[in-house]
Each structure stands twice: as C-alpha cells, then as structure tokens.
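Peer 1: Next up is a structure, given as structure tokens.
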Amino acid sequence: MINYIIRRLLYVLPVLVGVNILTFVLFFVVNSPDDMARMQLGDKHVSQAAVDNWKQQRGYDLPLLWNEQQQGLQRLEKTIFFEKSVGLFVFDFGVSDNGRDIMADISQRMWPSLAIAIPSLIFGVLANITFALLLIFYRGSYLESSGLFLCIALMSISGLFYIIAGQYFVGKLLALTPISGYVPGLDAFRFIVLPVFIGVVSGLGSGARWYRTLFLEEAAKDYVRTAKAKGLSELEVLFRHVLNNAMIPILTGIVVILPSLFMGSLIIESFFGIPGLGSYTIDAISSQDFAIVRAMVFLGSFLYIIGLLLTDISYTFVDPRVRLD
Amino acid sequence: MARAWKLFRLSSLLLLVSACTDQVLNNPYTEGDSGKKTIYSSFSERPKHLDPAKAYSSNEYAIIAQIYEPLFQYHYLKKPYQLEPLLASDMPSLQYFDENGMALADTAAEGDIAFTEYTLSIKQGVKFQPHPCFNPQLRKALPASWNAESLYDLPVKTRLLSSSDFIYQIKRLADPSTQSPVAGLMANYIVGFGEFAKQQASIKKLNPALAKQQRLRDADMLGLKKINPQQFSIRIKGKYPQFINWLAMPFFAPMPWEADAFYAKPFLVKKNISLDWFPVGTGPYLLEENDPNRRMVLRKNPNFHLEYYPNEADEEAMEKGLLADAGKQLPLSDKVVFSLEKETIPYWNKFLQGYYDVSGISSDSFDQAVSFSSIGDVGLTEDMLQRGIGLQTAVTTSSYYLGFNMLDKVVGGYSERAKKLRHAISIAVDYEEYISIFQNGRGVPAQGIIPPGIFGHLSAEAGMNSAAYHWDSAPVRRPIAEAKRLLSEAGFPNGIDKSTAKPLVLYFDSMDSGPDSKARLNWLRKQFSKLNIQLVIRGTDYNRFQEKMRNGNAQMFMWGWNADYPDPENFLFLLYGKNAKALHGGENAANYQNAKFDALFEQMSSMENTAQRQAIINQMVDIARADAPWLWGFHPKAFSLYHAWYKNAYPNLMANNKTKYIRVDAALREQYQQQWNKPVYWPLVVSFIVLIIMLIPAYIIYRRVERAKAL
C-alpha cells in the first residue's frame, strides 16, 4: 500500500502543473496585468505611471510566459508564470495583490468554515442515511411515498429559499437565534445552529434519495434474504448489514470532500455573516486578484487529489477484499 | 426504570422552564455591551486599505476617517459645506510667488502666480493614540511570548504630534512603494513631488535593504518645509484654491515614522499585521479589533485631544434640534462596532430587530420602509413610525450620466447636426421615469453637471436645462414631437438616415450584466425607440469596457462621479478638454473639447466663490448644455433610516468623520430590543407534538413489518 500511495502522490505533480498552467492561461486571457492594476488602484485619477508602478511593485511587469530579453533558462524563469508559480509547489502562496499574506488569510478564515462544514456534513450524512434506511424499511407503504414526495419537495426548493425562510422564521419571528453573525469559541454554537440546520434540511431531499438508491440495490441481494431467514429483525438487517455493505459508495461521496471542507460554502457564509473561506476565491476573481485565484485553485486541486487518495485508502478499511498494490 | 423515567420527565420540565424565559436569544453581540455607549453599524464589503495614503473609497473612509485626522474638516452642521481647522490651529496663510521665487501680493494676477505656499500651524498638545510603535524596544523586537492576538496586549506608548508627521505622510504619498492613488495627481501640484518619487525609486533600487522610514526621512521634498514642530509649509505650483480641500482628506493625515518602522518586521507582515490594516492615528477612535471578514471595532482613543460638539448650525440642523449636545466633549460614543453584512435581507432584518442603529434602504425593503403621499412627499410607513424610526434624505454630491463619445462620427462632434441629434436624445430619454422605476424615486433629474449643494448649482428656472425642458412652475420635459423634429433636422427623419436611407443604429457600451441590468437596458432601448432609433447594447466585461473608454472606442456609455470635495471645479473638470480620457488619459470620459469652455474653466478653477465665479460657471454650464456631450442624468438621493436612540444624525455628505458627533441612548435601545425580540417558543412545542403524532402510524407500520413473515 505504501508503494501505491507514493506512486499516487507522484502523479500529483504533473496534474498540479497542468492545473496551474490552465489557471494561468484562463486568467490572463481575460485579464491583463494592466487591468489588474487598474482594478486595484480604483477608478479615480489613475495614470499610466501609477499602473506601471503597481505592476513593477507586484512583479507583473515581466512577460507572461517567455522573456525574450533574457538568456538561457532565465527566459523561462524571468516571467510572471514562473515567478508566481514556483512558490506554490512548496505551499508558499505569497501575498495577495492587495498585499495580504494568503496563507495567513486561509489559516484565519478556515476555522469558521469548518465550524459550519463539519457539523453540516456529520448531521447531514446521518440524517440522509437514516431517512434513506427508513424509506427502505417502510417501502411499499404510504409512508415511503410520503417520504419520497417530501424528498422531491425538498429538492425542488431553492437553497436560497431555505436560508431566507430560516432566517425569517427562526431568527426574526421566533427570535430564537441571531439572524447572522459569528463569534469564535463555544459561543459560536448560537450562530452556527441555524445555518447547520438549514444545511442539513436543504440537502436532505437529494441526499436521502441518493442513499435510498444505494440501499435498494443492496437490499435486493441474497445476503439480505439470508439474514432475514436467520431471524434478524428488519431494522437489524438494514442498519447492520445493508449499511455496512453500502459503505463503499458512501465513502466515495464523503471522503473525497473531507480535505476541502475548510474551503467553505459561498451562499451560507455570505447570508449568515460567517467569516469563512467561502467567498475568498469568488471575491478574488471579481477583484482580479491573480495571486489568490492561483493559490486557491492550486490548493483546491491538491486537496481533491488527496481526497481521492484517501477514498481509495478508506476502501481497504470497509472492504477487506480491496488491496492497493 | 420507573425512577429513570421520572428523572427524565423532571429534567425535561426544568429544561423547558429554563428555556422559556423572556431573555433575548437572538442578540448577535456577545460582549455584554448592554447599556454602554456603543454604536452598531455594518459594512458590506471588506475595505481594501486602511492606510490613509491608499484608501480612497467610501467604505474605507467610514473606518479610517474616525481614526486619522487631517488638518481640516467640514463643519458638521453647516451647509453649504464649510471647512474648519481640525488638527490645524487655524486656517492656512497663503503666500504667492512668481517664477523667480519673489513674493507677490495677495491681489496678484493669476498669470503672475507661479507658486503658492501654504503655511500651516498645528494644534498644541495633540497626541497619537497609544500604540506599541512608540515603544522603542518594540520597534526593535517583539517579545517572544506575544502571540499576535492583539497589538494592544503589548506595552503601548504615545508621543506628541509634530509637523514632521505631516511631512512624512506627504513623502509617503510620493513614494512609489506606497502606491497612493493620488500620487500622480499630487505630482501636478506639489513642488518637487514627482522628483522625490523618482529619487525614492532609484534609492530603493540601489539599496533595497534600506528601511522605508529612513529612506523617506533622509530625503527632502522641495515643496515641503518644516518651520518648527508646530508649523510647516507646502508649496504648490500655480494657484489652486481647491488644494485646501485635499488637505481635509485622509491622504494628508499625519503619520508617525515609527509606524512604518514597527510594521516592517517580517513576523508581522506574515501575520497580515501591517499599517494597511492597523492604523495609528490621532482621531477620536482607535481600531481595537480588525477582522475584516467579520467585524471591526473602534474604541475611544484615550489620548484624543479636546474637541467639542459644534455650537453653531445652519437652519435645517437647528430645526432638527441638533444643537442639544452643543459644547459637549467629543466623541459622544465610546465604541463603534462595524459588522460585515454582505446580504441586504439579514442586514435589514437585524436593523428592524434593533441590532443596527442605522440602515440604508435597499430596493427589497423600500416599500416596507417608505411611503409617498398623494402629492409625492416622502415619508415613513406606519410600521416604521411606530418603531420610532427616523428618515433622513439628502441629494448626494454625485452625478450619474449618459455620455456621448465626442470623437464618434455619428453621435460626437460639434456640428449643428450632431448637437441636434444629441438634443433629441436628451429629450427622449426620460430620466424622471428612470428614477421612478429603477431608483424608487431616490434621485433628482440633473439639469446640468453641478449637483445641488455645490457652489454654482442653480435651482428653479434659472438652473433649468432649456435644451430638454421648459418651465411650467417646474421643469417639464419637452414633448417627444420636439425631439423628433430635432432628429429630422439632424438628418434622421423618423429615425432614418437620409444619406443612406437606412435606420439609424446607435451603440451603447455597457458592463452591466444580470437580471437587474437587463431591465435597465431594455428601458434604455425603449427610450431610443421613441425616436425610431435602434439601440444596440454592446455588453462587455469591466476590463474591456475600461479599455474602450481609454481608447475612445465606445459610442455611448453610462458613467458617474462622486465629488472629492464640494467645489464646482471637481465636476466641471470632467468636461475640461485637457482631461479628455482618450486623448490625455484624464477623467473627461466623453472626450469633450470646447476652447471657450476650457478657457472659462481655467479662469474659474482658481477663483473664490464669488458672484463673478458664479457668472463664469453659468456660462460654462450653458455651453455644455448647448453642446450636450452628456445626457445630464440624475443626482441620486441618499435615504437612510435611524432608530429613536440614535441622536445627532445629519446628512452631511462631505464629512467622513461623523461618528464622533453621534450619541446613542443605550437604555432606550435595550428597551426596544427587549420589546422586539421576545423569543417565541410555542411553535417548537407544536412541532414536537406534530412529530409525535406522525410517529404513531410509523410505529404501527413498524410493528406490522416486524411481525410479518420474512419470506
């Protein structure tokens, strides 16, 4: 397994180089260094000298990919692409175009994102699985059709509606939780309970239907019939055997997102005033902050690959037949 | 088992009773600020910069103008806007010089004046806020035990303000590494500014390790002179009376060199603790907490110099009883909490709950808050009045206009044909309707370039744009038939180009996108279709739009301008030929050029506000109206709501440092908050009961399934 992990980690390198090149090309097809400078300097009284000064201070006065004025390897090295990319591979993200240290920003903003994302994931998965297993348990009855109707209804409603309605009923009419805001520490509970609840409810419809599909497939297998024949109760069969055997597709969906949980959720964080990383990349794109965009895309790709690797490893824990060679 | 069940029932009952109290549960503030003189406000976008040399937008000024103080400020309760000393002990004394450096009399002709020297005296005994940068030991090294939680955990010190701090800040403005947005502009005015910038760039290149503060302090700028610790002078090129308005902006707030020295430590840079985020000022507040993703907290500066609430006010302010706190020492509040609130819905709901003291009015909540009487007067809805909420309105010192590119072959140029075409469009595009539909009535149609409240603006018939309006006890838009006639005279009868017999097609460049802008653009198309002109919308992104404007490739566009300072020059320069964007890279986006207008502008710009200046401005406005490089558009009206406990609110649009005048009645706020936020528990109980009822059929089916045969 160690060899497999090392091999997979080595595959990461070319993928990240590719992602980095793609990000760079896409960004600079749309924005030029002059555009970035003007965006940062504002609309008023911006002279070309100020733009040139900004580019020079930030290292955007170099050619993009190839420096004709240099010799040898320096033709490649004295470019925006090289200078802005090389640090990424040692996780040195540098400073954003408005002068803030990116790593410090990420490490500060990831905690509030995690405070929302972890309970949302745990309670969401638990609720989805439980609801899906109950749908299987009550299959054929009117409770199943009612449950499926509820799922479709939950899926049909926009996520934004849950947020606005939740804030209106719970925060405003019932006055039970703050409408928005965040404080660090234990008191954060008051602020995250509503967004977590909304996150769980809004994902319940699609989540439960997805898990139901997995469990239905398992419930039709021979071992289920055997278990029932042995006299196990329906609930025991579902929660002990069906659930265990459906773990591989469940893990595929969950483990892959675990490493990137701290990246946050754009809409939830925006509406609830959670100071997380949810809007970090979007804000950077709208303010044309290439330094943040490349860092976040790089980090996102890296974590996704790590997530996939962890998923593979997790298979070996839930299914002894899986061997990673 | 029975005992356990009993215990469970008892503890559930206790939990329910303890939960069902009237204690407010939804208060988003946790510090126990109850009863304290704290102002609760919000910001929707994190500020980019808090360094006064870089900050240039209203959301940045909302914070830094409470922390940094320039030499002058706008009198809070007087309109027309009036400058008064802030850190200066009095208004500056001016001395004119000719090209040879010889002093001239105050009455010297403008053509003879090569330089103007401002001699500025500063107040005695002003101290900077407490800050670790004034501690010499901390400038050298930080204690290892410090965990970068708060700068104010470190041993802080202060020192007296000196004229050197103003000089240092002006040098910072010039230093290329600061990247001040006004560096280019100031190089045109302050003597030696541009040369100083070049010198600093070359020193930095030769010796990158040299500390910034040392580099700046060691070099002199020709136009700056320290006379003594309380006095200094600034020499500017020519005569530029508006320069004093710049001296009232945070760009010219004093900066201690110690701040640059302190924040230069790599450890602090790595932690994002920099002068750009943690200010060091002399103002009424200091920034105690800075988490721009969550909130920013200002605390009363214990070293703040003596300043008192104004004793004088204009009529409007007197009528509102805004002199009740006259003579009281400022600031009137101890703390200001700015919370990040990106979305308008939670922001509005929290305002209604009493957790924000003031609020703007978004279009979503406009009908909930504002009502119009049958004669069009603006008022508050019954619900707002019952809550004791007040409304404040003011026409902003801004202009939003539709510009014609005067370099364009079809809509541009100065021929009679082109002018008639533009006049026809001026009549057809109904800005009254635009304001009503898209601004909820929050705006006044512009009759010219100068907004109300700025010297040079004329109201009523005298200020009417007769090219598009006629007077009938109020300006009335000219009929569309007149626009059609003008269009026909311009060579486009019924929207058909006589020379080609093809329909007239015009192009509007826009960077708007999204559903809101689609409605706006459709409206605009409809306005042009009144004249049978086909309007093609050329949607583009921000970058390409800016590029088109820089290159003069746009035909028509919408643009806006917010006043830097309340002087007509700050608006009329938008049509000054030497500022043409495509030709000279200036702010004249329409690329308008008229020799007579330019000559009058040069004459007017250096004049005091006299009747003669007004006459010149009238001429300029008339010339511009006749040439019509813009559809004059509208001046937005700012509406803001404030709660009954928020005192001394006054719509002074030029004063950025208003917070120090605000007093809050904390007891009243708490009373209202309690009243408006009583928790309601019964829906929870009902939901619980419904859930239990729903479980009954589930249990019945469960029993049936469990008892059924497996196979």
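Peer 1: Can we say residue A:121 is crowded, with 17+ Cβ neighbours inside 10 Å, more than 11 Å from every other protein chain (Cβ to nearest Cβ) and either at pLDDT below 90 or outside any helix (DSSP H, G or I) (or both)?
Peer 2: No, not satisfied.
Peer 1: Considering B:128, B:43, B:97, which residue is of a type in the set (Phe, Trp, Tyr) and crowded, with 22+ Cβ neighbours inside 10 Å?
Peer 2: Result of the check over B:128, B:43, B:97: B:128.
Peer 1: Suppose the filter is among the small types (Gly, Ala, Ser) and either crowded, with 19+ Cβ neighbours inside 10 Å or without any contact (Cβ under 8 Å) to a residue 40 or more places away in the chain (or both); does residue A:300 pass it?
Peer 2: Against the criterion (among the small types (Gly, Ala, Ser) and either crowded, with 19+ Cβ neighbours inside 10 Å or without any contact (Cβ under 8 Å) to a residue 40 or more places away in the chain (or both)), residue A:300 does not qualify.
Residue-wise test of (1) within 14 Å of chain A (Cβ to nearest Cβ); (2) at pLDDT below 70.
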| site | (1), (2) |
| --- | --- |
| B:3 | no, yes |
| B:23 | yes, no |
| B:37 | no, no |
| B:70 | no, no |
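Peer 1: Also, quick follow-up: Looking at region A:232-276 only, could you name the residues that are aliphatic (A, V, I, L, M), crowded, with 19+ Cβ neighbours inside 10 Å and farther than 26 Å from residue A:216 by Cα?
Peer 2: Within region A:232-276, A:263, A:268, A:274 meet the criteria.
Peer 1: Now, a different point. Suppose we filter A:10, A:64 for residues that are touching a residue at least 24 places away in the same chain (Cβ under 8 Å), surrounded by fewer than 17 Cβ atoms within 10 Å (Cβ to Cβ) and either among the hydrophobic types (A, V, I, L, M, F, W, C) or within 14 Å of chain B (Cβ to nearest Cβ) (or both); which single one remains?
Peer 2: When all the criteria are applied, what remains is A:64.
Peer 1: Across region A:32-55, what is the number of residues that are more than 8 Å from every other protein chain (Cβ to nearest Cβ) and surrounded by fewer than 20 Cβ atoms within 10 Å (Cβ to Cβ)?
Peer 2: The number of residues fulfilling the criteria is 4.
Peer 1: Residue check: is residue B:598 under 14 Å from residue B:449 (Cβ atoms) and either touching a Gly at 6+ places or on another chain (Cβ under 9 Å) or buried (at least 18 other Cβ atoms within 10 Å of the Cβ) (or both)?
Peer 2: no
Peer 1: Can you pull out every residue in region B:88-119 that is within 16 Å of residue B:242 (Cα to Cα) and assigned to a strand (DSSP E or B)?
Peer 2: Within region B:88-119, B:93, B:94, B:95, B:96, B:115, B:116, B:117, B:118, B:119 meet the criteria.
Peer 1: Among residues belonging to region A:229-242 that are in a helix (DSSP H, G or I) and among the aliphatic types (A, V, I, L, M), point out the one that is nearest to the other protein chains (Cβ to nearest Cβ).
Peer 2: Per the stated criteria, the residue is A:229.
Peer 1: Related question: Given region A:243-286, what helices (runs of 4 or more DSSP H) lie entirely inside it while holding 1 or more residues that are within 15 Å of residue A:110 (Cβ to Cβ)?
Peer 2: The qualifying helices (runs of 4 or more DSSP H) are A:266-272, A:280-286.
Peer 1: Among helices (runs of 4 or more DSSP H) lying entirely in region B:120-223, which contain 2 or more residues that are of a type in the set (Ser, Thr, Tyr)?
Peer 2: Filter on region B:120-223 gives B:163-174.
Peer 1: When you go through A:105, A:97 one by one, which is the residue that is of a type in the set (Asp, Glu), at the interface with chain B (Cβ under 8 Å from one of its Cβ atoms), touching a residue at least 12 places away in the same chain (Cβ under 8 Å) and crowded, with 16+ Cβ neighbours inside 10 Å?
Peer 2: Only one candidate passes the filter, namely A:105.
Peer 1: Restricting the search to region A:198-257, which residues are among the polar types (S, T, N, Q) and touching a residue at least 60 places away in the same chain (Cβ under 8 Å)?
Peer 2: Across region A:198-257, the qualifying residue is only A:244.
Peer 1: Still on this structure, I have one more. Name the residues in region A:165-196 that are within 26 Å of the chain's Cα centre (by Cα), without any contact (Cβ under 8 Å) to a residue 12 or more places away in the chain and surrounded by 15 or more Cβ atoms within 10 Å (Cβ to Cβ), would you?
Peer 2: Hit for region A:165-196 is A:183, nothing else.
Peer 1: Please go through region B:243-279 and pick out each residue that is assigned to a loop (DSSP other than H, G, I, E, B) and surrounded by fewer than 18 Cβ atoms within 10 Å (Cβ to Cβ).
Peer 2: B:264, B:265, B:271
Peer 1: For region B:41-55, check the following and say yes or no: at least one residue is in a strand (DSSP E or B), outside the structural domain of residue B:242 (by TED's automatic domain parsing), under 17 Å from residue B:299 (Cα atoms) and not hydrophobic (A, V, I, L, M, F, W, C).
Peer 2: yes
Peer 1: Now for a different question. If I filter region A:167-182 for residues that are away from every other protein chain (no Cβ under 13 Å), of a type in the set (A, V, I, L, M) and either farther than 20 Å from residue B:343 by Cβ or assigned to a helix (DSSP H, G or I) (or both), do I get at least one hit?
Peer 2: No, region A:167-182 contains no residue that is away from every other protein chain (no Cβ under 13 Å), of a type in the set (A, V, I, L, M) and either farther than 20 Å from residue B:343 by Cβ or assigned to a helix (DSSP H, G or I) (or both).
Peer 1: Here's something else I'd like to know. Identify, please: which residue in region B:333-350 is more than 7 Å from every other protein chain (Cβ to nearest Cβ) and closer than 24 Å to residue B:283 by Cβ and is, among those, surrounded by the fewest Cβ atoms within 10 Å (Cβ to Cβ)?
Peer 2: It comes out as B:334.
Peer 1: Which one of these does residue B:185 not meet: (1) surrounded by 21 or more Cβ atoms within 10 Å (Cβ to Cβ); (2) under 30 Å from the mean Cα position of the chain (by Cα); (3) among the aliphatic types (A, V, I, L, M)?
Peer 2: (1)
Peer 1: Just checking: which of the strands (runs of 3 or more DSSP E) contained wholly in region B:297-405 hold 1 or more residues that are β-branched (Val, Ile, Thr)?
Peer 2: B:335-340, B:358-360, B:370-372, B:378-380, B:390-395
Peer 1: I need a count of the residues in region B:601-636 that are crowded, with 19+ Cβ neighbours inside 10 Å and outside any helix (DSSP H, G or I).
Peer 2: Residues in region B:601-636 being crowded, with 19+ Cβ neighbours inside 10 Å and outside any helix (DSSP H, G or I): 9 in total.
Peer 1: Please verify whether residue A:72 is closer than 30 Å to residue A:17 by Cα, free of Cβ contacts under 8 Å to residues at least 24 places away in the same chain and within 14 Å of chain B (Cβ to nearest Cβ), treating the condition exactly as stated.
Peer 2: no
The values are calculated or read from the model by the stated rules, or taken from the named source; none is laboratory data. This one's a predicted model, so the numbers in the text were calculated from it and none came from an experiment. Cβ: placed from backbone, ideal geometry, glycine included. Neighbour counts: every protein chain shown.
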